[in-house]
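Notes for the one structure printed next.
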Amino acid sequence: MALSEPSSPPGDHAAALDPPRAYGAPLGRVRVRAEPEDFCVEECLGFAPAGAGAHVLLRVRKRDANTAWVAGELARIGGCRPFEVGYAGLKDRRAVAVQWFTVPRGARGPEQWSEVRGEGFEVLEAHGHTRKLPRGALEGNRFRIRARGAPPEAQALQARLERIGAHGVPNYFGPQRFGRDGGNLARLPADPGALRPSERGFVLSAVRSLLFNAVLAERVRTGRWCELEAGDRAQLDGRGSHFAVEVADETLRERAARLEIHPSGPLWGQGAPDSEGAVRALETDIVRRFPAACALLEAAGMRQERRSLRLAVRELEARIEPDGVLLQFRLTRGAYATAVLRELFVLEDYEPSST
């Protein structure tokens, strides 16, 4: 059963940068970053520290601080080079974030790191570990977000939360991906060699995200964003693994209803997407509306990959307060809290802060 009403197709860029919502009109207008404490996120590693090894695994709390800047401070304190500091992911600056870093074990062992503090950060835990923490080495993130504004009607909020908990939300890339005012999309040269090294990664990621959002927006518009279809690639929840859907039989539909698997969409690159039939035709048609973006990604040698079209929202809770709503939930790695928030509210004056 479709979870959103079909609507007229909007302009291509609008559909990608301000995509349609799955659950109808927002319940109000809110601000989510009036104070850093309004946006709290904690990384879930999914594994235990090794307890010994050539690195030290640090659990760090940062407030209103840039992730890369904190990594540089840890390198300075630890007497190593900045690239030797590992962290699993970037976290927003204007927030309170608890995240994990690794530093080489030099003169400082875990006991010397346990009470280190600096401007905007403090080390909460330190453990011996066997290797540098690579990007993406997370199970997920827990969020605690205070959305400030006129409180919504309690019954409407509860009904919306129940639908989100049961069916998830569209797994859009958030505005952070595109930079302030979409700045990461401002330049789309046909030759990736024209990009400065410092901007290459940001621009390619933003362009890829634009195309993914455009495909997902079309499936949300037609109400088919969380339903498996013949030709889809079904993606396992919280993992990168996916498999072909030849027939969307009852077993697959039941697994999708339990949020174990989800339809996926293309992260564009060279060649054809892994989907088949009508699904591939739709994806190709949408993506080819952005010829400069396609040309850039293909010239850069990007390969076709997949990303889940749907995001399961776990442990979702809300408490209405006099000045808004306090929300708590858990997401898998690589997911954006804004994908959840925008299915509830309009986010006033939201600007992605530097990570």
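The values are calculated or read from the model by the stated rules, or taken from the named source; none is laboratory data. Since the model is a prediction, treat every value here as computed from it, not as a measurement. Here the Cβ is made from the backbone with ideal geometry for all residues, glycine too, and neighbour counts use every protein chain on show.
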request  = Among the candidates Asp323, Asp285, Asp232, single out the residue that is farther than 20 Å from Glu139 by Cα, at pLDDT 95 or above and either surrounded by fewer than 16 Cβ atoms within 10 Å (Cβ to Cβ) or touching a Cys at 6+ places or on another chain (Cβ under 7 Å) (or both).
outcome  = Asp285
message = Looking at Leu344 and the list (1) outside the structural domain of Cys226 (by TED's automatic domain parsing); (2) over 19 Å from Leu216 (Cβ atoms); (3) at pLDDT 95 or above, which single condition is not satisfied?
response = (2)
key: Single unsatisfied condition, Leu188 versus (1) in a helix (DSSP H, G or I); (2) surrounded by fewer than 22 Cβ atoms within 10 Å (Cβ to Cβ)   = (1)
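Okay, residues lined up against (1) farther than 20 Å from Ser308 by Cβ; (2) in a loop (DSSP other than H, G, I, E, B):
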{"position": "Phe173", "(1), (2)": "no, yes"}
{"position": "Arg200", "(1), (2)": "yes, no"}
{"position": "Val203", "(1), (2)": "yes, no"}
{"position": "Ala206", "(1), (2)": "no, no"}
{"position": "Asn213", "(1), (2)": "no, no"}
{"position": "Glu229", "(1), (2)": "no, yes"}
{"position": "Ala234", "(1), (2)": "no, no"}
{"position": "Gly238", "(1), (2)": "no, yes"}
inquiry  = Tell me yes or no: at least one residue of the range 104-116 is farther than 30 Å from Arg31 by Cα, modelled with pLDDT under 95, in a helix (DSSP H, G or I) and among the acidic types (Asp, Glu).
reply    = yes
inquiry  = Checking the structure you have, find out if any residue of the range 13-30 is modelled with pLDDT of 95 or more, buried (at least 16 other Cβ atoms within 10 Å of the Cβ) and outside any loop (DSSP other than H, G, I, E, B).
reply    = yes
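From the list Ser8, Ser4, which one is modelled with pLDDT under 95, surrounded by 15 or more Cβ atoms within 10 Å (Cβ to Cβ) and closer than 15 Å to Thr222 by Cα?
None of the others qualify; the one that does is Ser4.
Here is a check on your reading of the model: is Ser198 among the polar types (S, T, N, Q) and in contact with a helix residue (DSSP H, G or I) (Cβ under 6 Å, 6 or more places away or on another chain)?
On the way: among the polar types (S, T, N, Q): yes; in contact with a helix residue (DSSP H, G or I) (Cβ under 6 Å, 6 or more places away or on another chain): no.
No, not satisfied.
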ask   = Hey, Asp237 hits all of (1) out of contact with any His (no Cβ under 7 Å at 6 or more places or on another chain); (2) assigned by TED's automatic domain parsing to the domain that holds Ile286 but one; which does it fall short on?
value = (1)
ask   = If a residue has to be among the hydrophobic types (A, V, I, L, M, F, W, C) and closer than 17 Å to Arg219 by Cα to count, how many in the range 234-244 make the cut?
value = 1
ask   = Tell me, which residue of the range 316-340 that is in a strand (DSSP E or B) and basic (Lys, Arg) is nearest to Val30 (Cα to Cα)?
value = Arg319
